[in-house]
Every structure is written in C-alpha cells, then in structure tokens.
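The values are calculated or read from the model by the stated rules, or taken from the named source; none is laboratory data. Owing to the predicted nature of the structure, the values given are computational and were not obtained by experimental measurement. For neighbour counting, all protein chains shown are included, and Cβ atoms are generated from backbone atoms with ideal geometry for every residue, glycine included.
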Amino acid sequence: MLVVLLAGSFTAGAVPRMPVKNFDCQVLAKTGIHALVMVQADTAEEAMVVAQGTMSFDMQDRRSPTLSVIECVEFPGETFKDTNFQAYVELLAR
C-alpha cells in the first residue's frame, strides 16, 4: 500500500487569505482599445501584475487578452487619470 502525506503551511480546513482591496485597472487590450480589468490585491503594484495576465472587457464590450496595464486604482475611492475612461467605468453596473 502506498501512502502519500501532504504537508502545508496551514492547518486542516484553513482557507488561504484573500487580498483585502479591490482595484479597477485600465489596460490596453489586444483589440487595440482601452479596457477594464477588476482584480483583488493588497497593493496597486500587485494589482498591475495580476491584471497583466487576464482577459479584459474593452470599451466596445468585447472580451480580449490584456496586452499592457496602464493604471490601477483602488475601488471605491480613487479615479483614473484618463477622464474619458473614468466616465466609462462610472457607467458600468456594479
């Protein structure tokens, strides 16, 4: 009989800690259009790393891979430097 034991850094039944903040990230999508990615992270820098590897929804409501991250802002509270993109985000249902 083969027995495999797995050891972890947390106790049985424990759930890994979730990031505590929500960020909206303005990205450039593969479609060539600015897009939104919403992520949970502890810092804006961490949010940028997470957003880089995700799918986004561009300003024409198309799903597309993210090519680059322009800016991440904490939601709620912070606003994008790009006022046109900020207006687009404010129109979205949450």
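Can you name the residue in region 43-94 that is in contact (Cβ under 8 Å) with a residue 24 or more places away in the chain and over 15 Å from the mean Cα position of the chain (by Cα) and is also surrounded by the most Cβ atoms within 10 Å (Cβ to Cβ) among such residues?
The residue in question is 85.
Just name the residue that is nearest to residue 83 (Cα to Cα) out of those in region 24-42 that are part of a loop (DSSP other than H, G, I, E, B) and touching a residue at least 12 places away in the same chain (Cβ under 8 Å).
Restricting to residues being part of a loop (DSSP other than H, G, I, E, B) and touching a residue at least 12 places away in the same chain (Cβ under 8 Å), the top hit is 33.
Inspect region 52-62 for any residue being at pLDDT 95 or above and closer than 19 Å to residue 91 by Cα and give the result as yes or no.
Scanning region 52-62, I find no residue that is at pLDDT 95 or above and closer than 19 Å to residue 91 by Cα, so the answer is no.
How many residues does region 43-94 hold that are assigned to a loop (DSSP other than H, G, I, E, B) and either basic (Lys, Arg) or more than 13 Å from residue 21 (Cα to Cα) (or both)?
The total comes to 13.
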